[in-house]
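In what follows, a structure is listed as structure tokens, so that the remarks can point back to it.
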Ligand SMILES: *Cc1c(COP(=O)(O)O)cnc(C)c1O
């Protein structure tokens, strides 16, 4: 392995990613798998993740912002890229000139996008997003046919897809998922009755894809499962336990930068919040909350050193943290694992999520850009 740029880094295991994409692709076949790489691929690095996912059989990519699509194009990615919600009108030309597939749902946006496409002499692919009950974005399901007819009536637009998004796919047997799915199937039926048959039909995020919801669709939009993180942190599943053998892709590591033996009665870090009850080896790691290791984690979280779980000796500071290693002699330069496996012990993003009352998604997205990403291929 190459020497890290800093004594704190994230390993991104592209073999694990490939394994996950292949596993999920087999699981959802014959539907296409589109890899969701928004937010810098959930903190994993958009370009290496996108190219690996495509290489492993993903049919396209999904992003949240026009800029995220442009970044992929500039890196030479020529696969289909869809932007999953409407963008400001200022982005229309950028979207079109980079051949990004737009999502639309408002009448004004459809007209504006059609006009921009016309002025560039293009026929632009769009996906119509239907709100079936999540109430984030989308055309109300009762207006779907009207909105689809508007798109079909614009010669500079091509209705390439129709989709919706679930609010509760990661909650086992939640009735809202069934309601949303039924509404969507009705929309598909109504469109067909009006002679409209978009080539791409999709509903499933990771949880729905894992649970085989939306089997009649043509594609799935998979994010968190591809990164090997179960969507629901409480049950640590995708809603219901399904054994798919997905592997975490990201691990967060550091090297011990300083070691001290402190006597009983001493405290460590800001506020000296916890008094040591015995002579203790304290290891400092050179990363902190500015790197995305949330300060609240100090109370209940652990770090792995020498293959064992260790508690924090005090609060996490902006750039450093101190770890209570008990009576074990730790050396400067030893590797510590904040997320990942060491020996037979593992700390997952969902473990942090439970302590922090959040979800694994937020844990990995929060790992800041100042943490170098080190791309590795584990032997598998
Ligand atoms: C982020 C997002 C996804 C991916 O969700 P995961 O739970 O990470 O699979 C899919 N669809 C839309 C519309 C999204 O915003």
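The table for this structure:
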read-out: Using alpha-carbon coordinates, inclination of helix 107-119 to the longest axis of the chain, degrees; value: 80
read-out: Shape category assigned to the stretch 250-347 from the gyration tensor of Cα positions, a/c cut at 1.5; value: oblate
read-out: On Cα atoms only, tilt of 46-55 relative to the major axis of the chain in degrees; value: 60
read-out: Sorted by Cβ neighbour density within 10 Å, fewest at the top, the residues 227, 375; value: 375, 227
read-out: Coordinate range along principal axes, alpha carbons of the chain, Å, largest first; value: 78, 42, 41
read-out: Per-residue Cβ neighbour rank within 10 angstrom, fewest leading, 21, 145; value: 145, 21
read-out: Helix axis angle, 175-193 relative to the chain longest principal axis, alpha carbon, degrees; value: 30
read-out: Descending Cα extents along the principal axes, the stretch 132-210, whole Å; value: 42, 22, 21
read-out: Three-way shape label, the stretch 117-272, alpha-carbon gyration tensor, a/c 1.5; value: prolate
read-out: For the stretch 250-347: relative contact order, % (alpha-carbon pairs under 8 angstrom, 6 or more apart); value: 35
read-out: Cα centroid of the stretch 149-215 to Cα centroid of the stretch 318-378, whole Å; value: 38
read-out: Neighbour-count ranking [beta-carbon atoms within 10 angstrom, fewest first] of 123, 36, 337; value: 123, 337, 36
read-out: Relative contact order (%) - criterion: Cα under 8 Å, at least six apart; region: the stretch 14-227; value: 20
read-out: Average Cα contact separation per residue, the chain, under 8 Å, 6 or more apart, as relative contact order %; value: 19
read-out: Fraction of beta bridges assigned by DSSP in the chain that are antiparallel (%, nearest 5); value: 50
read-out: 222 nm mean residue ellipticity, helices alone, for the chain (DSSP H n ≥ 4; -39,500 (n - 2.57); rounded to 500); value: -8000 deg cm²/dmol
read-out: Gyration tensor verdict on the stretch 14-227 (Cα atoms; rounded if a/c is under 1.5, prolate if a/b is larger than b/c, oblate otherwise); value: oblate
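No value in this document is a laboratory result; all are computed from the given coordinates. Everything numeric here is computed off the predicted structure, so don't read it as measured data. Please note: Cβ atoms are built from the backbone with ideal geometry, for glycine as well, and neighbour counts cover all protein chains shown.
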